[in-house]
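Input: a single structure, listed below in structure tokens.
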Amino acid sequence: MNSSSVGSDRRRRFDQLVGVYHQDMYRYAAWLSRDKAIAEDVVQEALLRAWKSLDALREDAAAKQWLLTIVRRENARYFERRRLETVDVDNLTPSQEALLAEAPDEQLEALRESIYELDDDYREPLVLQVLMGYSTNEIAELMGLKQGAVLTRLHRARLKLKESVQAEEAG
């Protein structure tokens with residue numbers, strides 16, 4: 001097999017894996033970072049890192065967890081490298097001001113805020129299970145935990161969300 005054939009096979013394999021899992025990578029990055037623009041940056045960095053280390057992936061069946069692990073690590077690197085920028089609300093452009101004036105779905109926004117306020121230890125397994133459909137075994141493997149620890153974190157996350165929603169409704 002010549003080198004161009006090997007290169008095109010590698011490219012084909014990468015394109016196939018990314019095509020299947022790109023949306024999951026983005027969704028996971030968005031929930032980790034809490035920001036769509038940051039999520040896009042994180043996914044781009046994760047794709048670059050995945051390309052460079054594609055030969056380390058022995059079985060394509062493990063690709064989803066492999067890619068999401070890369071996203072998780074890139075998200076951590078992103079926040080280690082960058083300080084978050086602040087925005088001066090007195091100097092917004094008209095389009096930025098219009099975004100502030102939109103009427104949000106208050107219940108959905110309250111639930112989203114409650115999820116964002118959870119500690120990462122609780123938010124991450126909840127997002128993996130509820131939004132991405134992972135089993136507790138898959139979450140345990142991805143996060144490097146025992147299944148019992150994942151079940152405990154999921155239970156506590158749900159309790160904390162319930163408390164938060166009830167407090168919001170009462171207050």
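For the range 133-149, a tally of residues being part of a loop (DSSP other than H, G, I, E, B) and buried (at least 17 other Cβ atoms within 10 Å of the Cβ) returns 2.
Within the range 48-63, being over 13 Å from residue 13 (Cα atoms) and surrounded by 19 or more Cβ atoms within 10 Å (Cβ to Cβ) holds for no residue.
Answer yes or no as to whether residue 129 is modelled with pLDDT under 80, part of a helix (DSSP H, G or I) and among the polar types (S, T, N, Q). Lay out the reasoning, then the answer.
Details: modelled with pLDDT under 80: no; part of a helix (DSSP H, G or I): yes; among the polar types (S, T, N, Q): yes.
Judged against the criteria, residue 129 is not a match.
Counting only helices (runs of 4 or more DSSP H) that sit completely within the range 61-124, those holding 3 or more residues that are modelled with pLDDT of 65 or more correspond to 63-81, 106-117.
Checking residue 23 against (1) polar (S, T, N, Q); (2) surrounded by 13 or more Cβ atoms within 10 Å (Cβ to Cβ); (3) farther than 19 Å from residue 144 by Cβ, only one condition comes out false. Which one? Failed condition: (2).
Here residue 17 meets the list (1) modelled with pLDDT of 90 or more; (2) surrounded by 12 or more Cβ atoms within 10 Å (Cβ to Cβ) almost entirely, failing just condition (1).
In the range 1-12, the residues that are more than 16 Å from residue 54 (Cα to Cα) and among the aliphatic types (A, V, I, L, M) reach residues that are surrounded by 10 or more Cβ atoms within 10 Å (Cβ to Cβ) and modelled with pLDDT of 75 or more with C-beta atoms within less than 9 angstrom, at least six apart or across chains, in these pairs: 1/9.
The values are calculated or read from the model by the stated rules, or taken from the named source; none is laboratory data. Since the structure is predicted, the reported quantities are computational estimates derived from the model, not experimental observations. Cβ atoms come from the backbone with ideal geometry, glycine included; neighbour counts cover every protein chain shown.
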